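These notes concern the structure reproduced below.
The values are calculated or read from the model by the stated rules, or taken from the named source; none is laboratory data. On a predicted model such as this, the values are computed, not experimentally measured, just so you know. Please note: Cβ atoms are built from the backbone with ideal geometry, for glycine as well, and neighbour counts cover all protein chains shown. Quick note on the areas: whole protein, heavy atoms, side chains included, nothing else; ligands and nucleic acids left out. Shrake-Rupley method; radii C 1.70, N 1.55, O 1.52, S 1.80 Å.
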Amino acid sequence: MNEIHEDEATLRSAMLERLAAMRGAPLAGNVADAMMVVPRHVFVPEAPLSEAYGLGVVVTHWDGQGVPTSSASAPGTVAGMLEQAQVLPGQRVLEVGAGTGYNAALLAHLVGLSGSVTTIEYDADVADAAQRHLAAYGVDRVRVVTGDGTLGAAEDGPFDRILVTAGAWDVAPAWVEQLAPDGRVVLPLRLRGLTRVVAFERDGAGLRSVSVIEDGFIPMKGIGAMPEKNVRLGVGPDLTLRIDDAQPVEPALLQVLDSDPALEWTDVVAPWAWTPEQDFWLATLPGFCRVFVNAEAVAKLRVPPAKDPWGAWGVYSSASLAYLCSRQVGGTDQMPMLQVGACGFGPDGAGLAQLLAARVRLWQEQAAGVELTIEARPLSATPLPGEDRALLVVDKVDHVFAVTAISTNTSSRSSATAT
Ligand SMILES: C[S@@+](CC[C@H](N)C(=O)[O-])C[C@H]1O[C@@H](n2cnc3c(N)ncnc32)[C@H](O)[C@@H]1O
(Lines give C-alpha, C1' and ligand atoms only; values in the text may rest on other atoms or scores of the structure.)
Protein backbone atom coordinates (compact mmCIF):
# COMPACT_ATOMS: atom_id res chain seq x y z
CA MET A 1 0.00 0.00 0.00
CA ASN A 2 1.11 3.60 -0.59
CA GLU A 3 3.04 5.53 2.01
CA ILE A 4 1.12 8.27 3.78
CA HIS A 5 1.84 11.57 2.03
CA GLU A 6 2.17 14.28 4.64
CA ASP A 7 -0.20 16.92 3.16
CA GLU A 8 -2.89 14.36 2.45
CA ALA A 9 -2.40 12.89 5.93
CA THR A 10 -3.08 16.36 7.34
CA LEU A 11 -6.30 16.53 5.29
CA ARG A 12 -7.38 13.11 6.56
CA SER A 13 -6.61 14.02 10.11
CA ALA A 14 -8.65 17.25 9.74
CA MET A 15 -11.50 15.23 8.20
CA LEU A 16 -11.50 12.90 11.22
CA GLU A 17 -11.47 15.82 13.63
CA ARG A 18 -14.46 17.45 11.90
CA LEU A 19 -16.24 14.11 11.87
CA ALA A 20 -15.70 13.61 15.60
CA ALA A 21 -16.89 17.18 16.26
CA MET A 22 -20.01 16.64 14.13
CA ARG A 23 -20.89 13.41 15.96
CA GLY A 24 -19.91 14.75 19.35
CA ALA A 25 -17.74 11.65 19.94
CA PRO A 26 -14.50 10.22 18.56
CA LEU A 27 -14.60 7.35 16.07
CA ALA A 28 -13.84 3.78 17.15
CA GLY A 29 -10.03 3.43 17.23
CA ASN A 30 -9.70 0.83 14.45
CA VAL A 31 -12.08 2.75 12.14
CA ALA A 32 -10.22 6.04 12.74
CA ASP A 33 -6.89 4.28 12.02
CA ALA A 34 -8.24 2.86 8.75
CA MET A 35 -9.64 6.24 7.66
CA MET A 36 -6.33 7.89 8.55
CA VAL A 37 -4.39 5.44 6.38
CA VAL A 38 -6.64 4.96 3.31
CA PRO A 39 -6.40 7.95 0.91
CA ARG A 40 -10.02 8.77 0.03
CA HIS A 41 -8.92 11.06 -2.82
CA VAL A 42 -7.47 8.07 -4.72
CA PHE A 43 -11.02 6.63 -4.86
CA VAL A 44 -12.64 9.86 -6.08
CA PRO A 45 -9.95 11.05 -8.51
CA GLU A 46 -12.27 13.54 -10.25
CA ALA A 47 -13.08 15.39 -7.01
CA PRO A 48 -10.94 18.26 -5.70
CA LEU A 49 -9.05 17.39 -2.50
CA SER A 50 -11.35 19.66 -0.46
CA GLU A 51 -14.33 17.55 -1.55
CA ALA A 52 -12.49 14.23 -1.20
CA TYR A 53 -11.73 15.14 2.42
CA GLY A 54 -14.99 16.96 3.10
CA LEU A 55 -17.81 15.37 5.09
CA GLY A 56 -20.20 15.02 2.15
CA VAL A 57 -21.20 12.33 -0.30
CA VAL A 58 -19.12 12.43 -3.51
CA VAL A 59 -21.45 11.45 -6.34
CA THR A 60 -19.58 9.73 -9.17
CA HIS A 61 -22.37 8.47 -11.49
CA TRP A 62 -25.82 9.76 -12.47
CA ASP A 63 -28.65 8.38 -14.60
CA GLY A 64 -30.18 10.22 -17.60
CA GLN A 65 -32.48 12.23 -15.27
CA GLY A 66 -29.60 13.44 -13.11
CA VAL A 67 -30.37 11.04 -10.26
CA PRO A 68 -27.20 9.75 -8.51
CA THR A 69 -26.56 6.04 -9.19
CA SER A 70 -23.19 5.64 -7.51
CA SER A 71 -21.14 7.59 -4.99
CA ALA A 72 -18.59 7.50 -2.25
CA SER A 73 -20.86 7.64 0.80
CA ALA A 74 -20.33 10.46 3.30
CA PRO A 75 -17.42 9.69 5.65
CA GLY A 76 -19.80 9.80 8.63
CA THR A 77 -22.01 7.16 7.02
CA VAL A 78 -18.99 4.98 6.19
CA ALA A 79 -17.58 5.28 9.70
CA GLY A 80 -20.96 4.58 11.31
CA MET A 81 -21.45 1.38 9.31
CA LEU A 82 -17.91 0.16 10.00
CA GLU A 83 -18.42 0.76 13.70
CA GLN A 84 -21.71 -1.13 13.60
CA ALA A 85 -19.99 -4.01 11.76
CA GLN A 86 -17.17 -4.34 14.35
CA VAL A 87 -14.82 -5.86 11.78
CA LEU A 88 -11.91 -7.83 13.29
CA PRO A 89 -8.51 -8.86 11.88
CA GLY A 90 -8.57 -12.14 9.98
CA GLN A 91 -12.27 -11.94 9.08
CA ARG A 92 -13.85 -12.72 5.75
CA VAL A 93 -16.01 -9.82 4.60
CA LEU A 94 -18.53 -9.35 1.81
CA GLU A 95 -19.48 -5.87 0.65
CA VAL A 96 -22.49 -5.31 -1.62
CA GLY A 97 -22.03 -2.08 -3.60
CA ALA A 98 -18.33 -1.55 -4.39
CA GLY A 99 -18.95 2.00 -5.66
CA THR A 100 -15.58 3.74 -5.66
CA GLY A 101 -13.84 0.91 -3.77
CA TYR A 102 -13.07 3.22 -0.79
CA ASN A 103 -15.02 1.21 1.78
CA ALA A 104 -13.52 -2.04 0.45
CA ALA A 105 -10.05 -0.56 1.00
CA LEU A 106 -11.02 0.40 4.57
CA LEU A 107 -12.34 -3.14 5.11
CA ALA A 108 -9.06 -4.57 3.76
CA HIS A 109 -7.21 -2.47 6.32
CA LEU A 110 -9.50 -3.68 9.12
CA VAL A 111 -9.24 -7.41 8.30
CA GLY A 112 -5.47 -7.18 7.79
CA LEU A 113 -3.23 -9.60 5.90
CA SER A 114 -4.97 -12.71 7.24
CA GLY A 115 -8.48 -11.59 6.18
CA SER A 116 -10.23 -11.18 2.85
CA VAL A 117 -12.73 -8.83 1.24
CA THR A 118 -15.08 -9.56 -1.66
CA THR A 119 -16.96 -6.57 -3.03
CA ILE A 120 -19.78 -6.85 -5.57
CA GLU A 121 -20.83 -4.04 -7.89
CA TYR A 122 -23.89 -4.11 -10.15
CA ASP A 123 -22.68 -1.60 -12.76
CA ALA A 124 -19.74 -2.89 -14.79
CA ASP A 125 -18.20 0.55 -15.38
CA VAL A 126 -18.40 1.34 -11.67
CA ALA A 127 -16.81 -2.04 -10.86
CA ASP A 128 -13.98 -1.31 -13.32
CA ALA A 129 -13.37 2.06 -11.68
CA ALA A 130 -13.36 0.46 -8.20
CA GLN A 131 -10.80 -2.09 -9.44
CA ARG A 132 -8.62 0.71 -10.86
CA HIS A 133 -8.79 2.73 -7.63
CA LEU A 134 -7.90 -0.29 -5.50
CA ALA A 135 -4.95 -1.05 -7.80
CA ALA A 136 -3.84 2.61 -7.68
CA TYR A 137 -3.91 2.42 -3.89
CA GLY A 138 -2.04 -0.86 -4.04
CA VAL A 139 -4.31 -3.17 -2.05
CA ASP A 140 -4.48 -6.78 -3.25
CA ARG A 141 -6.77 -8.40 -0.68
CA VAL A 142 -9.99 -7.24 -2.32
CA ARG A 143 -11.78 -9.25 -5.01
CA VAL A 144 -14.08 -7.03 -7.08
CA VAL A 145 -16.98 -8.94 -8.64
CA THR A 146 -19.38 -7.49 -11.22
CA GLY A 147 -22.87 -8.81 -10.54
CA ASP A 148 -26.02 -8.60 -8.46
CA GLY A 149 -25.05 -8.46 -4.80
CA THR A 150 -28.52 -9.68 -3.80
CA LEU A 151 -27.19 -13.16 -4.68
CA GLY A 152 -24.06 -12.72 -2.53
CA ALA A 153 -20.82 -14.50 -3.45
CA ALA A 154 -21.19 -18.06 -2.13
CA GLU A 155 -17.83 -19.10 -3.58
CA ASP A 156 -16.00 -16.77 -1.14
CA GLY A 157 -18.23 -17.39 1.92
CA PRO A 158 -19.23 -17.99 4.60
CA PHE A 159 -18.65 -14.40 5.67
CA ASP A 160 -18.04 -13.10 9.17
CA ARG A 161 -19.35 -9.74 8.11
CA ILE A 162 -21.63 -8.63 5.28
CA LEU A 163 -21.98 -4.89 4.62
CA VAL A 164 -24.60 -3.71 2.16
CA THR A 165 -23.89 -0.15 1.01
CA ALA A 166 -26.98 0.29 -1.21
CA GLY A 167 -30.46 0.83 0.22
CA ALA A 168 -32.22 -2.54 0.67
CA TRP A 169 -35.95 -3.14 0.86
CA ASP A 170 -35.64 -6.69 2.24
CA VAL A 171 -32.93 -8.97 3.62
CA ALA A 172 -31.87 -11.20 0.72
CA PRO A 173 -31.91 -14.92 1.63
CA ALA A 174 -28.36 -15.28 0.19
CA TRP A 175 -27.00 -12.86 2.80
CA VAL A 176 -28.40 -14.99 5.61
CA GLU A 177 -27.28 -18.26 3.99
CA GLN A 178 -23.74 -16.95 3.40
CA LEU A 179 -23.37 -15.45 6.90
CA ALA A 180 -21.16 -17.38 9.38
CA PRO A 181 -23.05 -18.69 12.46
CA ASP A 182 -21.80 -15.85 14.66
CA GLY A 183 -21.62 -13.33 11.82
CA ARG A 184 -23.10 -9.87 11.51
CA VAL A 185 -24.84 -8.29 8.53
CA VAL A 186 -25.13 -4.49 8.35
CA LEU A 187 -27.54 -2.97 5.86
CA PRO A 188 -29.62 0.15 5.20
CA LEU A 189 -33.15 -1.24 5.43
CA ARG A 190 -36.22 0.61 4.18
CA LEU A 191 -39.42 -0.04 6.11
CA ARG A 192 -42.52 1.94 5.03
CA GLY A 193 -40.16 4.40 3.29
CA LEU A 194 -38.04 4.96 6.42
CA THR A 195 -34.40 3.92 6.19
CA ARG A 196 -32.33 2.71 9.12
CA VAL A 197 -28.86 1.17 8.95
CA VAL A 198 -29.33 -2.02 10.95
CA ALA A 199 -26.63 -4.36 12.27
CA PHE A 200 -28.25 -7.79 12.54
CA GLU A 201 -27.03 -10.97 14.22
CA ARG A 202 -28.64 -14.40 13.99
CA ASP A 203 -31.43 -15.18 16.41
CA GLY A 204 -33.05 -18.58 15.92
CA ALA A 205 -34.37 -18.86 12.36
CA GLY A 206 -34.16 -15.10 11.88
CA LEU A 207 -32.13 -12.02 12.73
CA ARG A 208 -32.23 -9.50 15.55
CA SER A 209 -30.75 -6.02 15.49
CA VAL A 210 -27.87 -5.08 17.75
CA SER A 211 -27.66 -1.51 16.47
CA VAL A 212 -30.00 0.81 14.52
CA ILE A 213 -28.90 4.18 13.03
CA GLU A 214 -30.81 6.58 10.78
CA ASP A 215 -29.23 7.32 7.37
CA GLY A 216 -29.98 7.35 3.62
CA PHE A 217 -28.50 5.45 0.66
CA ILE A 218 -28.61 5.02 -3.11
CA PRO A 219 -31.27 2.36 -3.65
CA MET A 220 -30.51 -1.24 -4.56
CA LYS A 221 -30.56 -2.19 -8.25
CA GLY A 222 -31.27 -5.54 -9.85
CA ILE A 223 -33.47 -8.29 -8.46
CA GLY A 224 -33.64 -6.70 -5.01
CA ALA A 225 -34.77 -3.32 -6.37
CA MET A 226 -38.11 -2.06 -5.08
CA PRO A 227 -38.52 1.57 -6.10
CA GLU A 228 -40.85 3.83 -4.17
CA LYS A 229 -43.69 5.38 -6.13
CA ASN A 230 -43.82 9.20 -6.62
CA VAL A 231 -47.33 10.62 -7.02
CA ARG A 232 -47.53 14.29 -8.02
CA LEU A 233 -50.48 16.37 -6.77
CA GLY A 234 -51.57 19.83 -7.90
CA VAL A 235 -50.90 21.70 -11.11
CA GLY A 236 -47.36 22.89 -10.19
CA PRO A 237 -46.98 20.05 -9.29
CA ASP A 238 -47.38 21.43 -5.82
CA LEU A 239 -46.56 18.40 -3.82
CA THR A 240 -45.21 14.88 -4.35
CA LEU A 241 -46.21 11.86 -2.29
CA ARG A 242 -43.57 9.16 -1.97
CA ILE A 243 -45.18 5.82 -1.30
CA ASP A 244 -43.57 2.51 -0.35
CA ASP A 245 -44.98 -1.03 -0.40
CA ALA A 246 -47.20 -0.55 -3.46
CA GLN A 247 -50.09 1.07 -1.56
CA PRO A 248 -52.74 1.98 -4.17
CA VAL A 249 -53.62 5.60 -5.06
CA GLU A 250 -57.16 6.46 -6.24
CA PRO A 251 -57.57 9.09 -9.03
CA ALA A 252 -59.70 11.29 -6.69
CA LEU A 253 -56.59 11.96 -4.60
CA LEU A 254 -54.94 13.88 -7.45
CA GLN A 255 -57.33 16.88 -6.90
CA VAL A 256 -57.08 16.83 -3.11
CA LEU A 257 -55.22 20.18 -2.82
CA ASP A 258 -58.24 22.01 -4.33
CA SER A 259 -60.04 21.78 -0.97
CA ASP A 260 -59.56 24.07 2.07
CA PRO A 261 -56.99 22.87 4.62
CA ALA A 262 -58.09 21.59 8.05
CA LEU A 263 -55.57 22.13 10.87
CA GLU A 264 -54.97 20.20 14.08
CA TRP A 265 -52.20 21.42 16.42
CA THR A 266 -50.61 19.27 19.13
CA ASP A 267 -48.88 20.50 22.28
CA VAL A 268 -45.65 18.83 21.10
CA VAL A 269 -42.88 21.42 20.77
CA ALA A 270 -39.42 20.48 19.47
CA PRO A 271 -36.34 22.28 18.14
CA TRP A 272 -36.89 20.62 14.75
CA ALA A 273 -39.99 19.40 12.97
CA TRP A 274 -38.06 16.09 12.90
CA THR A 275 -38.09 14.35 16.25
CA PRO A 276 -36.28 11.06 16.89
CA GLU A 277 -38.17 7.93 15.88
CA GLN A 278 -41.47 9.84 15.57
CA ASP A 279 -41.64 8.52 12.01
CA PHE A 280 -41.95 4.93 13.23
CA TRP A 281 -44.93 5.85 15.41
CA LEU A 282 -46.58 7.40 12.34
CA ALA A 283 -45.63 4.58 9.97
CA THR A 284 -48.13 2.32 11.71
CA LEU A 285 -50.98 4.29 10.10
CA PRO A 286 -52.48 2.91 6.88
CA GLY A 287 -51.64 5.19 3.94
CA PHE A 288 -48.39 6.39 5.55
CA CYS A 289 -46.26 8.30 3.04
CA ARG A 290 -43.63 10.99 2.77
CA VAL A 291 -44.53 14.38 1.32
CA PHE A 292 -42.08 16.51 -0.69
CA VAL A 293 -42.48 20.13 -1.73
CA ASN A 294 -40.34 22.59 -3.65
CA ALA A 295 -39.87 26.25 -2.72
CA GLU A 296 -42.67 27.40 -5.08
CA ALA A 297 -45.13 25.01 -3.50
CA VAL A 298 -44.11 26.14 -0.01
CA ALA A 299 -44.97 29.72 -1.03
CA LYS A 300 -48.28 28.60 -2.53
CA LEU A 301 -49.66 26.28 0.15
CA ARG A 302 -51.22 28.13 3.08
CA VAL A 303 -49.76 25.67 5.60
CA PRO A 304 -46.92 23.82 3.88
CA PRO A 305 -45.26 20.63 5.05
CA ALA A 306 -41.61 20.89 6.06
CA LYS A 307 -39.30 21.46 3.09
CA ASP A 308 -36.95 18.65 3.99
CA PRO A 309 -34.80 16.34 1.84
CA TRP A 310 -36.24 13.39 3.80
CA GLY A 311 -39.79 14.64 3.26
CA ALA A 312 -42.53 15.44 5.77
CA TRP A 313 -44.66 12.57 7.04
CA GLY A 314 -48.22 12.16 5.94
CA VAL A 315 -51.14 9.79 5.46
CA TYR A 316 -53.56 9.49 2.60
CA SER A 317 -56.83 7.69 1.89
CA SER A 318 -58.87 7.35 -1.30
CA ALA A 319 -59.59 11.10 -1.64
CA SER A 320 -57.93 12.76 1.38
CA LEU A 321 -54.46 13.62 2.59
CA ALA A 322 -52.87 14.99 5.75
CA TYR A 323 -49.25 15.89 6.47
CA LEU A 324 -47.28 17.12 9.44
CA CYS A 325 -46.62 20.85 9.60
CA SER A 326 -45.07 23.12 12.18
CA ARG A 327 -45.10 26.74 13.36
CA GLN A 328 -42.49 28.66 15.31
CA VAL A 329 -43.50 29.26 18.92
CA GLY A 330 -40.15 30.36 20.36
CA GLY A 331 -36.40 29.97 20.14
CA THR A 332 -34.31 31.84 17.58
CA ASP A 333 -34.21 31.93 13.79
CA GLN A 334 -31.17 29.63 13.94
CA MET A 335 -32.76 27.30 16.50
CA PRO A 336 -36.53 27.80 16.36
CA MET A 337 -38.84 25.94 18.70
CA LEU A 338 -41.54 24.39 16.54
CA GLN A 339 -45.02 23.28 17.50
CA VAL A 340 -46.00 20.17 15.57
CA GLY A 341 -49.39 20.00 13.89
CA ALA A 342 -51.14 18.29 11.01
CA CYS A 343 -52.83 19.78 7.96
CA GLY A 344 -55.51 17.84 6.10
CA PHE A 345 -57.20 18.17 2.70
CA GLY A 346 -60.17 16.45 1.10
CA PRO A 347 -63.47 15.12 2.52
CA ASP A 348 -61.69 13.27 5.34
CA GLY A 349 -58.76 15.70 5.66
CA ALA A 350 -59.77 16.79 9.17
CA GLY A 351 -60.08 13.15 10.30
CA LEU A 352 -56.66 12.23 8.92
CA ALA A 353 -55.09 15.34 10.49
CA GLN A 354 -56.56 14.31 13.86
CA LEU A 355 -55.22 10.78 13.39
CA LEU A 356 -51.70 12.06 12.64
CA ALA A 357 -51.81 14.46 15.58
CA ALA A 358 -52.98 11.67 17.90
CA ARG A 359 -49.96 9.55 16.86
CA VAL A 360 -47.60 12.46 17.49
CA ARG A 361 -49.06 12.78 21.01
CA LEU A 362 -48.68 9.03 21.56
CA TRP A 363 -45.07 9.27 20.40
CA GLN A 364 -44.43 12.01 22.96
CA GLU A 365 -45.86 9.82 25.73
CA GLN A 366 -44.04 6.64 24.73
CA ALA A 367 -40.79 7.49 22.94
CA ALA A 368 -38.66 9.09 25.65
CA GLY A 369 -35.84 6.70 26.57
CA VAL A 370 -36.61 3.95 24.10
CA GLU A 371 -34.45 2.19 21.55
CA LEU A 372 -35.77 0.54 18.43
CA THR A 373 -35.10 -3.17 17.97
CA ILE A 374 -35.77 -4.73 14.59
CA GLU A 375 -36.32 -8.45 14.17
CA ALA A 376 -36.49 -10.25 10.83
CA ARG A 377 -37.94 -13.70 10.37
CA PRO A 378 -38.30 -15.67 7.14
CA LEU A 379 -41.82 -15.30 5.79
CA SER A 380 -42.42 -19.04 6.26
CA ALA A 381 -41.25 -19.11 9.92
CA THR A 382 -43.73 -18.94 12.80
CA PRO A 383 -44.43 -15.44 14.17
CA LEU A 384 -41.96 -14.12 16.74
CA PRO A 385 -42.99 -14.02 20.38
CA GLY A 386 -44.35 -10.52 20.97
CA GLU A 387 -44.79 -9.80 17.25
CA ASP A 388 -48.44 -8.95 17.87
CA ARG A 389 -47.36 -6.25 20.36
CA ALA A 390 -44.69 -4.71 18.11
CA LEU A 391 -44.81 -1.03 17.18
CA LEU A 392 -44.75 -1.90 13.48
CA VAL A 393 -44.86 -5.18 11.55
CA VAL A 394 -44.01 -5.10 7.83
CA ASP A 395 -44.36 -8.12 5.53
CA LYS A 396 -41.91 -8.23 2.63
CA VAL A 397 -41.11 -10.83 -0.02
CA ASP A 398 -38.57 -12.88 1.96
CA HIS A 399 -38.89 -11.63 5.54
CA VAL A 400 -41.34 -10.20 8.04
CA PHE A 401 -39.90 -7.31 10.07
CA ALA A 402 -41.09 -6.41 13.55
CA VAL A 403 -40.01 -3.08 15.03
CA THR A 404 -40.22 -2.85 18.81
CA ALA A 405 -39.47 0.17 20.95
CA ILE A 406 -37.69 -1.11 24.05
CA SER A 407 -37.30 1.12 27.08
CA THR A 408 -33.65 1.84 27.88
CA ASN A 409 -34.63 2.47 31.48
CA THR A 410 -33.27 -0.76 33.05
CA SER A 411 -35.65 -0.58 36.03
CA SER A 412 -38.66 -0.94 33.71
CA ARG A 413 -37.80 -2.63 30.41
CA SER A 414 -41.21 -2.25 28.86
CA SER A 415 -42.10 -2.00 25.20
CA ALA A 416 -44.25 0.66 23.60
CA THR A 417 -47.01 -0.17 21.17
CA ALA A 418 -48.84 2.02 18.70
CA THR A 419 -52.32 0.73 19.34
C1 LIG B 1 -23.44 4.37 -2.07
S2 LIG B 1 -22.71 3.49 -3.37
C3 LIG B 1 -21.51 2.51 -2.52
C4 LIG B 1 -20.38 3.22 -1.92
C5 LIG B 1 -19.15 2.36 -1.82
N6 LIG B 1 -19.28 1.33 -0.83
C7 LIG B 1 -17.90 3.18 -1.66
O8 LIG B 1 -17.14 2.95 -0.72
O9 LIG B 1 -17.65 4.04 -2.50
C10 LIG B 1 -23.89 2.20 -3.76
C11 LIG B 1 -23.39 1.29 -4.82
O12 LIG B 1 -24.18 0.10 -4.79
C13 LIG B 1 -24.29 -0.35 -6.09
N14 LIG B 1 -25.40 -1.33 -6.17
C15 LIG B 1 -26.73 -1.07 -6.18
N16 LIG B 1 -27.42 -2.22 -6.26
C17 LIG B 1 -26.52 -3.22 -6.28
C18 LIG B 1 -26.63 -4.63 -6.37
N19 LIG B 1 -27.80 -5.24 -6.44
N20 LIG B 1 -25.49 -5.36 -6.38
C21 LIG B 1 -24.27 -4.74 -6.30
N22 LIG B 1 -24.11 -3.41 -6.24
C23 LIG B 1 -25.22 -2.65 -6.23
C24 LIG B 1 -24.51 0.91 -6.89
O25 LIG B 1 -24.26 0.72 -8.26
C26 LIG B 1 -23.52 1.85 -6.22
O27 LIG B 1 -22.28 1.82 -6.87
For ALA136, the lone unmet condition from (1) near the ligand (Cβ under 10 Å from one of its atoms); (2) surrounded by fewer than 19 Cβ atoms within 10 Å (Cβ to Cβ) is (1)
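Could you name every one of the helices (runs of 4 or more DSSP H) located completely within the stretch 1-77 that has at least 3 residues being surrounded by fewer than 19 Cβ atoms within 10 Å (Cβ to Cβ) and assigned by TED's automatic domain parsing to the domain that holds GLY99? I'd like the intermediate steps shown before the answer.
Details: elements: 6-23, 29-37, 40-43, 49-52.
Of the helices (runs of 4 or more DSSP H) lying wholly inside the stretch 1-77, those with at least 3 residues that are surrounded by fewer than 19 Cβ atoms within 10 Å (Cβ to Cβ) and assigned by TED's automatic domain parsing to the domain that holds GLY99 span 6-23, 29-37, 49-52.
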Across the stretch 321-374, what is the total count of residues that are buried (at least 16 other Cβ atoms within 10 Å of the Cβ) and at positive phi? 1
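Yes/no matrix, rows are residues, columns are (1) open to solvent by 40 Å² or more (accessible area, probe 1.4 Å); (2) within 22 Å of the chain's Cα centre (by Cα); (3) within 16 Å of the ligand (Cβ to nearest atom); (4) at pLDDT below 90:
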site	(1), (2), (3), (4)
ILE223	yes, yes, yes, no
LEU233	no, no, no, yes
ARG242	yes, yes, no, no
ALA246	yes, yes, no, yes
VAL268	no, no, no, no
TRP274	yes, yes, no, yes
The stretch 139-187, residues that are away from the ligand (no atom under 14 Å from the Cβ) and among the aliphatic types (A, V, I, L, M): ALA154, VAL176, LEU179, ALA180, VAL185
Can you name the number of the only condition in (1) surrounded by fewer than 19 Cβ atoms within 10 Å (Cβ to Cβ); (2) closer than 18 Å to ARG232 by Cα that GLY287 fails? (1)
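Condition test on ARG302, is it free of Cβ contacts under 8 Å to residues at least 60 places away in the same chain and of a type in the set (D, E, K, R)? Talk me through it step by step, then tell me what you get.
Working: free of Cβ contacts under 8 Å to residues at least 60 places away in the same chain: yes; of a type in the set (D, E, K, R): yes.
Taking the combined requirement at face value, the residue satisfies it.
Would you point out which residue out of ALA130, ALA85, ALA108 is among the hydrophobic types (A, V, I, L, M, F, W, C), more than 10 Å from the ligand (Cβ to nearest atom), at pLDDT 95 or above and over 22 Å from GLU177 (Cβ atoms)?
Working: ALA130 fails: more than 10 Å from the ligand (Cβ to nearest atom); ALA85 fails: over 22 Å from GLU177 (Cβ atoms).
After applying the criteria, what remains is ALA108.
Got a sec? Which of ASP182, ASP170 is over 20 Å from the mean Cα position of the chain (by Cα) and not hydrophobic (A, V, I, L, M, F, W, C)? Quick ask: steps written out before the conclusion?
Working: ASP170 fails: over 20 Å from the mean Cα position of the chain (by Cα).
That would be ASP182, the only listed residue that is over 20 Å from the mean Cα position of the chain (by Cα) and not hydrophobic (A, V, I, L, M, F, W, C).
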Would you pick out the residues in the stretch 113-133 that are among the small types (Gly, Ala, Ser) and open to solvent by less than 20 Å² (accessible area, probe 1.4 Å)? GLY115, ALA127, ALA129, ALA130
